Amino acid sequence: MPRVTAPERRESILAAAREVFLESGLAGARTKEIADRAGINEALIYRHFRSKDELFTEAIVDPLAVAIRHYLGRHRTGETQINVADARRTTEGSIGALQRQMAQLAPPFLVLLAGDAGRQTYAEHIAPLFAEWQRDIETAFERLPHRDLDARLLATVVFATCFWCGLEGYFGEGECRERSVAAQLTDLIFSGIERREP
């Protein structure tokens, strides 16, 4: 039987932790159960992670941050002006990518904000991402003709839609069709920001 490498072991612990945190939340999760699911001794968890909180951050918080930063990265460009057709294509692709991520991350996101630690977790991890997202939208608005629109509201609408689709896919009977949702949301965004003549 081949030996498991340290990175492989770490990933198996993270996968087991996601399952347990999703079922029990941060407060209810026990490292013994995580170890049992990963097929290891509980002490081995602490060779890879300093605490249960650190394990929670890496298993639940960090993947969400990566998904949102990936979305943000698709919108960053050095151009002084943005071609509207290119911006629509990039936006639709980015929404689709975020929606795919949320299909996996929406249930853990609920766990992330549950319980006493939810407020602190939101303040430390989620609010800064939204602020970064808002700044990116405001920067894009500087290079794209538009009517006055709240950038934070726009980020919230996109995130909330993708989040809801993730929950619907996980808990609901229906499913959000990724391409259809991304296309329709892009149409709504660009119709909403289009500058109107008086």
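Within the stretch 41-71, being of a type in the set (A, V, I, L, M) and closer than 29 Å to Thr161 by Cα holds for Leu55, Ala59, Ile60, Val61, Leu64, Ala65, Val66, Ala67, Ile68. Looking across Ala29, Ala106, one residue alone is farther than 29 Å from Arg135 by Cα, in contact with a Phe, Trp or Tyr (Cβ under 7 Å, 6 or more places away or on another chain) and modelled with pLDDT under 90. It is Ala29. Listed by first and then second residue, the pairs with beta-carbon distance under 8 Å, at least 6 apart or on different chains, first residue in the stretch 21-46 and under 24 Å from Leu113 (Cβ atoms), second aliphatic (A, V, I, L, M) and surrounded by fewer than 16 Cβ atoms within 10 Å (Cβ to Cβ), are Gly25/Ala114; Leu26/Ala114. Residues that are touching a residue at least 60 places away in the same chain (Cβ under 8 Å) and open to solvent by 50 Å² or more (accessible area, probe 1.4 Å) within the stretch 119-134 comprise just one, His125. Picking from residues in the stretch 114-130 that are more than 18 Å from Thr161 (Cα to Cα) and among the hydrophobic types (A, V, I, L, M, F, W, C), the one that is modelled with the highest pLDDT is Ala123.
The values are calculated or read from the model by the stated rules, or taken from the named source; none is laboratory data. In this text the structure is predicted, and so the values were computed from the model without any measurement. All Cβ positions, glycine included, derive from the backbone under ideal geometry; neighbour counts span all protein chains shown. Side chains are part of the model used for accessible areas, which takes the heavy atoms of the whole protein and leaves out ligands, DNA and RNA. Shrake-Rupley method; radii C 1.70, N 1.55, O 1.52, S 1.80 Å.
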